[in-house]
Amino acid sequence: MMKALDMGTEAADDLARETDEVLLSRYRDEGRSADFEELVRRYERELFRYLVRYTGEHSLAEDVFQSTFLQVHLKRGLYEDGRPFRPWLYSIATHQAVDALRKAGRHPTLSLDQRLSAGETDAGALIDVLTGDGDGPIAELEERERAEWVRESIARLPDNLRQTLILAYHQDLKYREIAEILKIPVGTVKSRLHAALSKLAEMARASRLDGGGDS
Amino acid sequence: MNAQDMIDYALGQMEGPARERFERALAADPSSSLRVDRLEAALVRLLDDGERVGAENDDYELHRPPAGLVSRTVGLVAEARSKPKRKALLDFVPARVPFRWADVAVAASIFLAGVLTLLPAMHRSREGTDRAACGFNLQQIFVGLMQYGNRYGVYPYASAESGSPHVGAFAAMLHDEDLLHDASTLNCPCTGPCPNAGIPDLATLARWKDQEPERYQGFMDRTDYAYNVGYRLPTGRPGPIPAGLQATIPLVSDKSPFDRAGRILAGNSPNHDGRGQNVVFSDGHVSWHPTRRVSPVDDDMFLNDDDRPAPSVHLRDSVLVPSSFRFDGR
């Protein structure tokens, strides 16, 4: 009995040592469900968190999480050896989330190549805007109130800006990975990030004018 | 210090050596360092929703996955795996097909059937091109005949006294008048290529007839076209066709089938494998005739009304004979 338990632990250790890419390649070629389960387990928290942030709903995020991994299973034949798994997974998840939001009738009808003003793309001006108010009005809020304000404000951002911001800041993906996921140039990723930050700073100033800073 | 680098650094987008270089530069530049610190603090205030920092802290994890998410997801995929896959068309194609001679035979027979289907079309296409080239030759000859007719009032005609009384002499007479140079004009493309031996003048032809009969005969045989042999004058003597006739009469055509005994055989010209013949008329037009009939009053362009390859008995009865036949019909 103890021996069987030891063997099971060893197998789990073996799986844990493998990279995502090796697990998916092996699942594609040999169909071992343990490999697939290990991938789901590895990305459970990270991907679910991304989907909740992006869709704004736990139940919808759960559905999208499951459909994302179902797509990974169905499209495993298209996975090319050596291609990083993480951006590929986020790419599938983002498409699934967009579809789910559209089906739920909550997809904002924004043009993907939305024009950004010059002020939003100038890095120096952006830093001035972000640091200009010192600690700013939202710093005066309680920590939980501030986090609540952040969640609500990000949810109000246009879809393409919110997508880019969540991937870059909250999910710690690199510019080139985001570019690959969203199928846009790296320059567009940066300009969308600038625009998102600029809009959030604007919202923070507006909340002070509304008296939000007094609460 | 580059403002974009500051943003990249604060967002955690800078990696490896670039990040190390940037940090060294920051250490050497207190004002930039202060600016970056403020930027990082501003970003945390604006973007930290309580999940990113200390995300593993279960007490404060709003976006915690629901219990059993992994097992439900794996179960969903297992269910999809166990479902029989709806067959697509390509699924009926075996991944690896063993080599079989039967397959080669089927492929070869399909290829052969394709080739056999296409061959007649290709043959017809080539034949059409050659037939058009043949018509072009006749037009070239007509141009020469017309100019000859303008000069002399009659079309070329070699009498018995000329020394070369055979019909093929018409080409030598055009050549003498500088109206025909290229011997290939006398060769129908449908009969295959012909050695370009040139066109002799009439005197040379007469000399060949007496001294080199084989060469003389060779020239006559190389000419693929039949020429209007003229008509018998009211006096009974054969003579040339006048050039200014109102009526449209055939002047040159593909040669008729004939034998060495001087008989015209039944059927169409051998130039086009018996399918018909091109004819150029005195008004310059060329037309294709699937029979030997050229007009309502002339049933056979290769024979006169007496069924002979000899001068016609009246102007409406045209007779076109091969080059090796005589003008006087003897």
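The values are calculated or read from the model by the stated rules, or taken from the named source; none is laboratory data. Please read these numbers as outputs of a predicted model, since none were measured by experiment. Virtual Cβ from ideal backbone geometry, glycine too; neighbours counted across all protein chains shown.
For the stretch B:196-216, the criterion of being farther than 17 Å from B:Gly163 by Cβ and touching a residue at least 40 places away in the same chain (Cβ under 8 Å) is met by no residue.
If we scan the stretch B:235-256, do we find a residue that is part of a loop (DSSP other than H, G, I, E, B), in the same structural domain as B:His285 (by TED's automatic domain parsing), among the basic types (Lys, Arg) and at pLDDT below 90?
Looking only at the stretch B:235-256, we keep the residues that are part of a loop (DSSP other than H, G, I, E, B), and these are B:235-237, B:240-241, B:243-249, B:255-256.
With the extra rule that they be in the same structural domain as B:His285 (by TED's automatic domain parsing), the set shrinks to B:235-237, B:240-241, B:243-249, B:255-256.
When the remaining residues are screened for being among the basic types (Lys, Arg), the result is B:237, B:255.
Going one step further and asking which of them are at pLDDT below 90, we end up with B:237.
For the stretch B:235-256, residues part of a loop (DSSP other than H, G, I, E, B), in the same structural domain as B:His285 (by TED's automatic domain parsing), among the basic types (Lys, Arg) and at pLDDT below 90: present.
A Cβ distance below 8 Å, combined with a sequence gap of six or more or placement on separate chains, defines the contacts here; from the stretch A:36-65, residues that are free of Cβ contacts under 8 Å to residues at least 24 places away in the same chain and in the same structural domain as A:Ala16 (by TED's automatic domain parsing) reach residues that are in a helix (DSSP H, G or I) and among the charged types (D, E, K, R) in the pairs A:Arg42/A:Asp20; A:Phe48/A:Glu62.
Could you go through the stretch B:95-109 and let me know if any residue there is surrounded by 10 or more Cβ atoms within 10 Å (Cβ to Cβ), more than 14 Å from chain A (Cβ to nearest Cβ) and either touching a residue at least 40 places away in the same chain (Cβ under 8 Å) or on the phi > 0 side of the Ramachandran plot (or both). Steps first, answer last, please.
Taking the stretch B:95-109 as the starting set, the residues that turn out to be surrounded by 10 or more Cβ atoms within 10 Å (Cβ to Cβ) are B:103-109.
Those left that are additionally more than 14 Å from chain A (Cβ to nearest Cβ): B:103-109.
When the remaining residues are screened for being either touching a residue at least 40 places away in the same chain (Cβ under 8 Å) or on the phi > 0 side of the Ramachandran plot (or both), the result is none.
No, that holds for no residue.
When we screen A:Arg53, A:Arg41, A:Arg26, A:Arg45 for residues that are touching a His at 6+ places or on another chain (Cβ under 7 Å) and either within 8 Å of another protein chain (Cβ to nearest Cβ) or modelled with pLDDT of 90 or more (or both), the only hit is A:Arg53. Checking each residue in the stretch B:8-52 for being in contact with a Lys or Arg (Cβ under 8 Å, 6 or more places away or on another chain) and in a helix (DSSP H, G or I) picks out B:Tyr9, B:Arg45.
Looking across the stretch B:228-242, the residues that are surrounded by 17 or more Cβ atoms within 10 Å (Cβ to Cβ) and either among the small types (Gly, Ala, Ser) or touching a Pro at 6+ places or on another chain (Cβ under 8 Å) (or both) come down to B:Asn228, B:Val229, B:Gly230, B:Tyr231, B:Arg232, B:Pro238, B:Gly239, B:Pro240. Filtered by the rule that a residue be touching a residue at least 24 places away in the same chain (Cβ under 8 Å) and under 17 Å from B:Thr191 (Cα atoms), the stretch B:271-295 gives B:Asn271, B:His272, B:Asp273, B:Gln277, B:Asn278, B:Val279, B:Trp288. Pairs under 8 Å by beta carbon, first residue part of a loop (DSSP other than H, G, I, E, B) in the stretch A:94-116, partner surrounded by 13 or more Cβ atoms within 10 Å (Cβ to Cβ) and modelled with pLDDT under 85, six or more apart or different chains? That search, which allows pairs on different chains as well, returns nothing.
For the stretch B:57-76, filtered to residues that are at pLDDT 90 or above and within 7 Å of chain A (Cβ to nearest Cβ), the residue that is surrounded by the most Cβ atoms within 10 Å (Cβ to Cβ) is B:Thr73. The single condition among (1) at pLDDT 85 or above; (2) within 50 Å of the chain's Cα centre (by Cα) that B:Val93 does not meet is (1). If the condition is being surrounded by fewer than 18 Cβ atoms within 10 Å (Cβ to Cβ) and assigned to a loop (DSSP other than H, G, I, E, B), then the stretch B:177-196 contributes B:Glu177, B:Asp178, B:His181, B:Asp182, B:Gly192, B:Pro193, B:Cys194, B:Pro195, B:Asn196.
Based on this model, can you work out whether A:Ser91 counts as surrounded by fewer than 19 Cβ atoms within 10 Å (Cβ to Cβ), farther than 18 Å from B:Arg81 by Cα and in contact (Cβ under 8 Å) with a residue 40 or more places away in the chain? Yes, satisfied. Only helices (runs of 4 or more DSSP H) whose full extent lies in the stretch A:120-215 are considered here, and the ones with at least 2 residues that are more than 10 Å from every other protein chain (Cβ to nearest Cβ) and at pLDDT below 90 are A:143-156, A:159-165, A:186-209. Give me the residue from the stretch B:1-25 that is aliphatic (A, V, I, L, M) and free of Cβ contacts under 8 Å to residues at least 24 places away in the same chain and, out of that set, farthest from the other protein chains (Cβ to nearest Cβ). Within the stretch B:1-25, the match that is farthest from the other protein chains (Cβ to nearest Cβ) is B:Ala18.
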